[in-house]
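A.B. asks: Provided herewith is a single structure, encoded as structure tokens, for subsequent inquiry.
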Amino acid sequence: AGASSDHDRPLNPRGRRGATALGDRLRELRLVPDQVLCSSAARTRETLARLKLPTRTQVDFLRGLYLATHGEMLRELRAAQGDVVLMLGHNPGTSIVADQLLGAPPDHPRFEGYPTGATLVADFDIDDWLTLQWGAGRVVDFFTPHDLTGRE
């Protein structure tokens, strides 16, 4: 018997490996968010837990990020309060928002396909998330679980 709905579906073994590796990389890069905007889906919650972020991080579980469009995701980002914000969502919204937020895409062969667990680190020259605009981001880093584990 599987999960009763897609929203309740847990991570598979590949997803668990990838989430753990992503957390290791974020800590290695000292990219610790002070706010997390996370879809309320079981697999994004599990991903967040496997990232092993500091407990002081503010976490907002948002049903509105479950299968959100890129426009809905932008609205959630514009309401963010942290200096370093992590958003955990779902495709296709996540891949579209990542592409639309950047002035230029990263030089990475997997960016366009934006596989599960793909992680974009972007910098925005803004003082308030409310002023965030499409195309305003600059790529700091982009990596996938495969880049970190050598496995799909």
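The values are calculated or read from the model by the stated rules, or taken from the named source; none is laboratory data. For clarity, every value in this text was computed on a predicted model and none was experimentally measured. Glycine gets a Cβ as well: all are built from the backbone with ideal geometry, and neighbour counts include every protein chain shown. Ligands, DNA and RNA are excluded from the accessible area calculation, which covers all protein heavy atoms including side chains. Shrake-Rupley method; radii C 1.70, N 1.55, O 1.52, S 1.80 Å.
A.B. asks: Only residues that are open to solvent by less than 80 Å² (accessible area, probe 1.4 Å), closer than 18 Å to THR144 by Cα and among the charged types (D, E, K, R): list them for segment 25-41, please. Please lay out each step first, then the result.
C.D. replies: Residues of segment 25-41 open to solvent by less than 80 Å² (accessible area, probe 1.4 Å): 25-26, 29, 31-41.
If we keep only those that are closer than 18 Å to THR144 by Cα too, we end up with 25-26, 29, 31-32.
Passing the criteria: only ARG25.
A.B. asks: Would you call GLN100 open to solvent by 40 Å² or more (accessible area, probe 1.4 Å), more than 21 Å from ASP24 (Cβ to Cβ), touching a His at 6+ places or on another chain (Cβ under 8 Å) and of a type outside the set (Gly, Ala, Ser)?
C.D. replies: Numbers: open to solvent by 40 Å² or more (accessible area, probe 1.4 Å): yes; more than 21 Å from ASP24 (Cβ to Cβ): yes; touching a His at 6+ places or on another chain (Cβ under 8 Å): yes; of a type outside the set (Gly, Ala, Ser): yes.
Considered against the rule, which asks whether it is open to solvent by 40 Å² or more (accessible area, probe 1.4 Å), more than 21 Å from ASP24 (Cβ to Cβ), touching a His at 6+ places or on another chain (Cβ under 8 Å) and of a type outside the set (Gly, Ala, Ser), GLN100 comes out as yes.
A.B. asks: Would you pick out the residues in segment 82-126 that are closer than 21 Å to SER40 by Cβ and touching a residue at least 40 places away in the same chain (Cβ under 8 Å)?
C.D. replies: GLY82, VAL85, LEU86, MET87, LEU88, GLY89, HIS90, THR116, GLY117, THR119
A.B. asks: Can you pull out every residue in segment 109-150 that is open to solvent by 30 Å² or more (accessible area, probe 1.4 Å), in a helix (DSSP H, G or I), closer than 18 Å to LEU29 by Cα and of a type outside the set (D, E, K, R)?
C.D. replies: HIS146, LEU148, THR149, listed by residue number.
A.B. asks: Now for a different question. Among the numbered criteria (1) within 19 Å of ASP34 (Cβ to Cβ); (2) within 11 Å of the chain's Cα centre (by Cα), which one does GLU76 miss?
C.D. replies: (2)
A.B. asks: In the list THR44, THR55, THR20, which residue meets the criterion of being out of contact with any Asp or Glu (no Cβ under 7 Å at 6 or more places or on another chain), open to solvent by 50 Å² or more (accessible area, probe 1.4 Å) and either β-branched (Val, Ile, Thr) or touching a residue at least 60 places away in the same chain (Cβ under 8 Å) (or both)? Quick ask: steps written out before the conclusion?
C.D. replies: Values: THR44 fails: open to solvent by 50 Å² or more (accessible area, probe 1.4 Å); THR20 fails: open to solvent by 50 Å² or more (accessible area, probe 1.4 Å).
THR55 is the lone residue from the list that is out of contact with any Asp or Glu (no Cβ under 7 Å at 6 or more places or on another chain), open to solvent by 50 Å² or more (accessible area, probe 1.4 Å) and either β-branched (Val, Ile, Thr) or touching a residue at least 60 places away in the same chain (Cβ under 8 Å) (or both).
A.B. asks: Which condition number in (1) surrounded by 15 or more Cβ atoms within 10 Å (Cβ to Cβ); (2) farther than 15 Å from LEU37 by Cβ is the one that PRO92 fails?
C.D. replies: (1)
A.B. asks: Which one of these is out of contact with any Pro (no Cβ under 9 Å at 6 or more places or on another chain) and more than 20 Å from ASP147 (Cα to Cα): PRO10, PRO105? Steps first, answer last, please.
C.D. replies: Values: PRO105 fails: more than 20 Å from ASP147 (Cα to Cα).
Of PRO10, PRO105, the one residue that is out of contact with any Pro (no Cβ under 9 Å at 6 or more places or on another chain) and more than 20 Å from ASP147 (Cα to Cα) is PRO10.
A.B. asks: I would also like to ask the following. Please specify each residue of segment 1-15 satisfying the condition of being under 17 Å from ALA118 (Cβ atoms) and surrounded by fewer than 16 Cβ atoms within 10 Å (Cβ to Cβ). Write out each step before concluding.
C.D. replies: We begin by selecting, within segment 1-15, every residue under 17 Å from ALA118 (Cβ atoms); these are 11-12, 14-15.
The answer is ASN12, ARG14.
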